[in-house]
Amino acid sequence: MPDDLVPKAVLPRALRLLDAFGPADTELSLAELAERSGLPKPTALRMLGELVSWGALDRVDSGYQLGMKLFRLGQQVSRTRTLCDTGRPYLTDLYEATHENVHLAISDDLSTLFVDKVSGRSSVRIISRVGGRLPAYCTATGKVFLANSGRERFVRTVECGLTRYTPRTIVLPGLLRRELDRTGERGYGVNYEEAEVGVSAVAAPVYGPDGAVVAAISITGRASAVTAERLAPAVLTAARGFSRVLAGG
């Protein structure tokens with residue numbers, strides 16, 4: 001990154017380090033953070049130490065992870081708290097019916113951000129976590145958001161690159177466009193081993209009072225057990241009930 005594009009003030013530099021974490025990143029090394037932020041390593045190291053002291057980052061053996069203080073601050077955002085509080089009974093009901101991982105997600109630009117999750121000992125272990133993000137184009141919740149967004153977001157998704165995470169990840173723009181069109185037509189999104197091998201998901205949109213999609217509920221688990229034919233009706237029913245409550249009905 002050219003030196004004239006690197007911010008001089010302290011706060012923008014710190015934010016640039018936090019923004020270096022992508023949807024699939026659980027931890028990054030000093031070298032990776034310096035490269036992605038455009039900061040010199042000595043500067044990045046000094047600022048990372050301050051972020052660790054404040055609690056925004058945690059120091060681990062191989063680098064740095066986003067800290068729980070950021071998650072706690074995020075939980076205080078009123079819209080997210082309202083969604084989580086209102087949606088939790090629906091997530092719990094879906095879990096009790098399926099014993100699979102159940103998520104509540106919101107759109108975060110080109111990613112899907114998981115704001116709540118219900119799982120148990122019988123649920124298959126998956127990469128998602130509360131506060132974590134995954135690319136929208138290869139997740140069931142993300143496809144719901146993209147299908148209900150304008151063309152501009154689809155174009156930016158393609159321009160940012162469609163990384164192949166598994167053999168089933170859709171990486172051709174034309175195929176992705178057709179998949180999003182099908183998502184809109186049937187009213188729910190599916191992910192058949194596109195983000196993680198052996199793991200599939202079905203998601204349905206949650207609508208706010210103005211009729212816009214504000215969140216998505218998904219069931220995620222073993223590909224052999226999680227199919228649209230089996231679980232789409234349950235996810236759609238939960239999402240509709242959630243939507244009615246948000247609308248005051």
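Some values worked out for this structure:
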{"item": "Highest to lowest packing among 220-232, 189-201, scored as the average C-beta count within 10 Å", "result": "189-201, 220-232"}
{"item": "Over region 91-138, equivalent-ellipsoid semi-axes from the Cα gyration tensor in Å", "result": "21, 11, 8"}
{"item": "Over 16 Å [Cα-Cα, region 157-249], rounded percent", "result": "60 percent"}
{"item": "Tensor-based shape of region 104-226 (alpha-carbon gyration tensor, a/c under 1.5 rounded, otherwise prolate or oblate)", "result": "oblate"}
{"item": "Rounded if a/c under 1.5, otherwise prolate or oblate - region 153-205, Cα gyration tensor axes", "result": "oblate"}
{"item": "Length released on extending from R244 to L18, taking residue separation times 0.36 nm less the Cα-Cα span", "result": "77.7 nm"}
{"item": "FRET efficiency estimate (nearest 0.05) - Cβ-Cβ, R178 to M68, R0 45 angstrom", "result": "0.65"}
{"item": "Which of P173, G63, V118, positive extreme of dipole for region 63-175 (C-beta unit charges)", "result": "G63"}
{"item": "Anisotropy class of region 44-179 from Cα gyration tensor, a/c 1.5 cut", "result": "oblate"}
{"item": "Region 94-249, accessible surface, carbon-and-sulfur percent (1.4 angstrom probe)", "result": "51 percent"}
{"item": "Where labels lie 7 Å past Cα in the beta-carbon direction, separation of T26 and V158 in nm", "result": "3.4 nm"}
{"item": "Check: the chain dipole with +1 on Lys, Arg Cβ and -1 on Asp, Glu Cβ, in debye", "result": "240 debye"}
{"item": "Region 87-223 - accessible surface per residue (Å², probe 1.4 Å)", "result": "44 Å²"}
{"item": "Scattering curve values for the chain, log₁₀ I(q)/I(0), Debye with Cα scatterers, q = 0.11 Å⁻¹", "result": "-0.63"}
{"item": "GNM flexibility winner over the chain from Y165, Y95, Y188 (Cα, springs under 10 Å)", "result": "Y165"}
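The values are calculated or read from the model by the stated rules, or taken from the named source; none is laboratory data. From a predicted model like this one, the values you see are computed outputs, not experimental measurements. Glycine also receives a Cβ, built like all others from the backbone with ideal geometry; neighbour counts cover every protein chain displayed. Ligands, DNA and RNA are stripped out before the accessible areas are found, and what is left, the full protein with its side chains, is counted by its heavy atoms. Shrake-Rupley method; radii C 1.70, N 1.55, O 1.52, S 1.80 Å.
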